[in-house]
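Everything below concerns the one structure shown next.
The values are calculated or read from the model by the stated rules, or taken from the named source; none is laboratory data. As the structure is a computational prediction, the values presented were derived from the model and not from experiment. Cβ sites come from the backbone with ideal geometry, for glycine too, and all protein chains shown count toward neighbours. Protein only, heavy atoms only, side chains kept; ligands, DNA and RNA dropped before computing areas. Shrake-Rupley method; radii C 1.70, N 1.55, O 1.52, S 1.80 Å.
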Amino acid sequence: MGVLSQVVLFPLAPVRGVVWIAERMRDVAEEELCHPSVLRARLAALNEALESGAIGPEEFDREEDRLLDLLERSGGREGKARGSTP
């Protein structure tokens with residue numbers, strides 16, 4: 001970036017900083033919600049809800065599919081973070 005463009009874009013620096021912070025917060029929140037241990041705990045709670053009759057089989061199947069998809073996707077990210085190959 002040239003000096004002129006830095007001077008012209010300087011007033012936007014606070015906005016870019018807020019956007020950067022918001023993106024980092026979103027990434028951390030997604031990581032926490034999609035962590036394999038969190039997803040396994042949610043699956044266990046879902047099974048308990050089905051067994052207790054709090055939810056029906058259709059709702060259970062729908063939510064279980066969603067959680068299993070998230071678990072599958074997060075498992076791929078976890079393996080890449082460790083440096084292993086899938």
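Taking (1) in a loop (DSSP other than H, G, I, E, B); (2) surrounded by 11 or more Cβ atoms within 10 Å (Cβ to Cβ); (3) modelled with pLDDT under 90 in turn, Thr85 satisfies each apart from (2). Filtering the stretch 66-73 for residues that are open to solvent by 70 Å² or more (accessible area, probe 1.4 Å), assigned to a helix (DSSP H, G or I) and either of a type in the set (Ser, Thr, Tyr) or at pLDDT below 90 (or both) leaves a non-empty set. Remark: pairs (first residue in the stretch 4-28, more than 23 Å from Val38 (Cβ to Cβ) and in contact (Cβ under 8 Å) with a residue 24 or more places away in the chain; second residue open to solvent by less than 90 Å² (accessible area, probe 1.4 Å) and part of a helix (DSSP H, G or I); Cβ separation under 9 Å; 6+ apart in sequence or on different chains) are absent. Are any residues in the stretch 44-54 open to solvent by less than 30 Å² (accessible area, probe 1.4 Å) and either over 21 Å from Leu33 (Cβ atoms) or in contact with a helix residue (DSSP H, G or I) (Cβ under 7 Å, 6 or more places away or on another chain) (or both), and if so, which ones? Hit for the stretch 44-54 is Leu46, nothing else. Being within 24 Å of the chain's Cα centre (by Cα), under 26 Å from Gly75 (Cα atoms) and assigned to a helix (DSSP H, G or I), is that true of even one residue in the stretch 8-18? No - not one qualifying residue is present in the stretch 8-18.
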